[in-house]
Amino acid sequence: MRPGQVARATWVLIVMRAAYAYNWFDIGPAFPGIGASFGVGPSGWGLLLAAFLAGAGAFQVPAGLLGRRFGNRGVSLAGAALLGGFGILSGFAPSFLALLLLRAAAGVGAGLFFSPAISLVASLYPAGRRGLPVGGFSSAFSAGAAAGVALTAVLAPMIGWRASLVLGGVLLSALTLAGVLAVPRVPTAGGPPVSPPVRRPLTAIRLPAVWAIGLGFIGMEGASFATGQFIVPYGEALRAWSAATAGLVGMMFVLPSVVGGPLGGMVAERRPNHRTQLLVATVVGAGAVALIPVAGLGPILLIGATFSFCYGVIYAVMYVLPHFWARLPPDEVPLAIGTFNAIQLAGGASVAYVFGRVVDLASYAVAWEVLAVLQVATLVALVALPPSDGPSPGAGPPAGAGRLRG
């Protein structure tokens, strides 16, 4: 492939990632309308989040296995098509139960897309040049999530929650067709192969580093969805924000990671202190969430930007890490990412549901504090993350043999 073809394929995947994220976050601003249609409150809203995250989490590992067997391109495009299709159908749900099931099915599509797609992006570039495109792909999630929150906050009161969900599904479906045309069938730069690999025991699911990353960021995973999805109805109900103001605040809780993602990816590829990077960013993000109940509108915009920036750094570092693990075969990178994503999403689903329940049983103020504590509490799992030796500054992830690095 020529450089122009590589760039075009990368940008199409990044834009697909943004539309994919839009379909994760367009549900939150629709919660009040869904509540009015089906008679459910914050506990039910939390259940909708949990259903989607459970579907996404359950298919993270199968996505890695399917990508390893059939190729990352086909699996990621199929996942995007499913997410878009069920996003459209969600707008026609006749009951809350039907909506719950459709959101779970949409989550399955989300689970199939991500780890094969991010490995596909990495495969287009040689070692040492993956940090920026992988970080850009990671942070595109936040750009799409910001659009989903901000636009749906304005559109849902105007056109209804059903039409706003259909819009997101149509957008992703159209971009999936573009992906079929632009994304290559084979990698070009020595990344994870897409052809069927040699049969051998799987390494990814047995690496302690994979489980440490998965368990360590359950709290952050749940917080990313609870903040992004609940901040709009919270602001409208308790802060008397207009729909546009609530959408702006919601956008600030997801958009600035567009900066944090590429920065985190480049730092992770050039500096070996990954555990410190992850710890500092998570603690700062949790401290920001703890201040939500006492902050005015101006400070809460800064709080959102801080949390989102930290989130972007954390996940970019996380997604670069498997390329440093010398014991991990290249074709199992999607499986490693899928495994720790599955753990995070399963735990994050529980956190999102717990947040909604705490709102119902106590208050939003208590729920924000519980969320901050959970972000820090799950970090204890990082004691099992091996320290990184890492490459020298400016070098790429090691390709040769060596001990496990995390």
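Of all residues in the range 302-320, those that are over 10 Å from A288 (Cα atoms) have Cβ atoms under 8 Å from Cβ atoms of residues that are in a helix (DSSP H, G or I) and among the acidic types (D, E), 6 or more apart or on another chain, in V320/E269.
For L335, the test of being modelled with pLDDT under 85 and assigned to a loop (DSSP other than H, G, I, E, B) is failed. Of the listed requirements (1) closer than 21 Å to Q375 by Cα; (2) among the small types (G, A, S); (3) at pLDDT below 80, G190 misses just one: (1). Note on the range 290-299: among residues that are touching a helix residue (DSSP H, G or I) at 6+ places or on another chain (Cβ under 6 Å) and not in a helix (DSSP H, G or I), the one that is surrounded by the fewest Cβ atoms within 10 Å (Cβ to Cβ) is A295. Out of V121, V154, V134, one residue alone is surrounded by fewer than 19 Cβ atoms within 10 Å (Cβ to Cβ), part of a helix (DSSP H, G or I) and among the β-branched types (V, I, T). It is V154. Within the range 232-276, the set of residues being more than 17 Å from the chain's Cα centre (by Cα) and either outside any helix (DSSP H, G or I) or among the β-branched types (V, I, T) (or both) comprises V232, R239, A240, W241, S242, T245, V249, V267, R271, P272, N273, T276.
Among residues that are more than 30 Å from L263 (Cβ to Cβ) and of a type outside the set (A, V, I, L, M, F, W, C), P133 is not included.
Among the candidates R185, R129, R162, the residue that is at negative phi, modelled with pLDDT of 95 or more and charged (D, E, K, R) is uniquely R162. If the condition is being in contact with a Phe, Trp or Tyr (Cβ under 9 Å, 6 or more places away or on another chain) and surrounded by fewer than 24 Cβ atoms within 10 Å (Cβ to Cβ), then the range 259-280 contributes V259, L263, P272.
The single residue among A50, A80 that is under 24 Å from A182 (Cβ atoms), part of a helix (DSSP H, G or I) and in contact with a Phe, Trp or Tyr (Cβ under 8 Å, 6 or more places away or on another chain) turns out to be A80.
All conditions in (1) over 23 Å from the mean Cα position of the chain (by Cα); (2) at pLDDT below 90 hold for V294, with the sole exception of (2).
If the condition is being closer than 26 Å to G39 by Cα, surrounded by fewer than 24 Cβ atoms within 10 Å (Cβ to Cβ) and either among the polar types (S, T, N, Q) or modelled with pLDDT under 95 (or both), then the range 56-101 contributes only S95. Being under 21 Å from G356 (Cα atoms) and part of a helix (DSSP H, G or I) is a property that holds for G228. If you go through the range 300-319 and pick out every residue that is of a type in the set (S, T, N, Q) and either within 22 Å of P334 (Cβ to Cβ) or not in a helix (DSSP H, G or I) (or both), you end up with 0.
The values are calculated or read from the model by the stated rules, or taken from the named source; none is laboratory data. Predicted model, so just to flag it, every value in this text is computed and none were measured. Positions of Cβ are backbone-derived with ideal geometry, glycine not excepted, and every protein chain shown enters the neighbour counts.
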